[in-house]
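To start, the structure itself, in structure tokens.
The values are calculated or read from the model by the stated rules, or taken from the named source; none is laboratory data. Just so we're clear, the structure is a prediction, and the values are computed from it rather than from any experiment. Don't worry about glycine lacking a Cβ; one is built from the backbone with ideal geometry, like all the others, and counts go over all protein chains shown. When the accessible area is computed, the model is the full protein with side chains, heavy atoms only, and any ligands, DNA or RNA have been set aside. Shrake-Rupley method; radii C 1.70, N 1.55, O 1.52, S 1.80 Å.
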Amino acid sequence: MTTLTEHRTFLRSALNRPTLLGAPVPTGSVLAAQIAGVVPASAPATVVELGAGTGALSPAIAARLAPGSRFVAVEVEPDLVAYLRAAMPWLEVLHGDAGDIGALLADAGVGPVDAVVSSLPWTLITAAERRRMLGGIAATLAPGGLFTTITTLTALPNRVRQFRSELEATFDEVTATKPVWRNLPPARLFVCRGARSC
Ligand SMILES: C[S@@+](CC[C@H](N)C(=O)[O-])C[C@H]1O[C@@H](n2cnc3c(N)ncnc32)[C@H](O)[C@@H]1O
């Protein structure tokens, strides 16, 4: 459940850095539950969330994880990092750029990752930076690991097609879920498995 403070914090960052945030409000609870449902839950797992924002996805993910799991959030916007650290002291937050995922996780001693979860605004990121991020994500995944990301239905269709083809160049299997209409904006997930070596 999002609070007024969370909404205010998110909106302030979105107004200051619209292309970094890519949305006016945090992800809603229906989509958060769907993305949490993709992470491994039957055994201890290492899960990394890229672009945690105000933590709209984080409690749902944390609630699903088995005891002994490690859950790490990466966020680049300093105000949001401060918000997360104050509002969710149980969450391990790394301040940095998702493009540097390999170095960030190595510095924090995070080993091979079972699931990377993202709500980064992919279609607002340059193609070169997307490729760097996807290469880094693929390289951090353990064998059998998965990557899942939110894609909004309001994103430009040609950019979504381009992003999907980049996902297909990075992973053996890419599936799209049905749209979640009860989200602002409506969105779907891409779920990717079988990282190819880059
Ligand atoms: C659409 S918001 C989603 C926030 C939150 N996960 C949610 O679902 O409400 C995208 C988030 O990704 C963060 N972000 C954008 N580019 C990033 C990057 N290169 N590295 C880390 N975080 C990034 C933004 O600051 C923002 O918090």
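Things worth noting here:
- Accessible surface of the chain, 1.4 Å probe, proportion on carbon and sulfur as whole %: 57
- Restricting the chymotrypsin sites (Phe, Trp or Tyr not before Pro) of the range 10-89 to loop positions (DSSP other than H, G, I, E, B) with no more than 12 neighbouring Cβ atoms within 10 Å leaves nothing.
- Each other residue within a Cβ distance under 12 Å of Ser13 adds +1 if Lys or Arg and -1 if Asp or Glu, for a net charge of -1.
- For the set His95, His7, the ranking by accessible area, highest first and with no ligand, DNA or RNA atoms included, is His95, His7 under a 1.4 Å probe.
- Figure note: Val30, Val38 ranked by solvent-accessible area, largest first, 1.4 Å probe, ligands and nucleic acids not counted: Val30, Val38.
- The charge dipole of the range 1-108, taken about its Cα centre with unit charges on the Cβ of Lys, Arg, Asp and Glu (plus for the first two, minus for the last two), comes to roughly 300 debye.
- Taking a span of 15 Å or more along the helix axis (Cα atoms) and a mean Kyte-Doolittle hydropathy of at least 0.5 as the rule, no DSSP H helix of the chain qualifies.
- The chain: relative contact order as a whole-number percent, Cα under 8 Å and 6+ apart: 20
- Dipole of the chain, positive direction: furthest Cα of Leu146, Phe190, Val113, with charges on the beta-carbon: Phe190
- Averaged over its residues, the chain has an accessible area of 47 Å² per residue, based on protein heavy atoms and a 1.4 Å probe.
- Cubic angstrom per residue, convex hull over Cα atoms of the range 4-195: 107
- Note on the chain: helix-only mean residue ellipticity at 222 nm, from DSSP H runs of 4+ residues weighted -39500 (n - 2.57) and normalised by residue number, equals -11500 deg cm²/dmol.
- The calculated FRET efficiency for Ala33 paired with Asp172, based on their beta-carbon distance and R0 = 22 Å, is about 0.25.
- Most to least accessible of Trp181, Trp122 (protein chains only, probe 1.4 Å): Trp181, Trp122
- Each Lys and Arg contributes +1 and each Asp and Glu -1, all at the Cβ; summed about the Cα centre of the range 81-198, the dipole is approximately 520 debye.
- Sorted largest first, extent of the range 32-124 alpha carbons per principal axis (Å): 33, 30, 26
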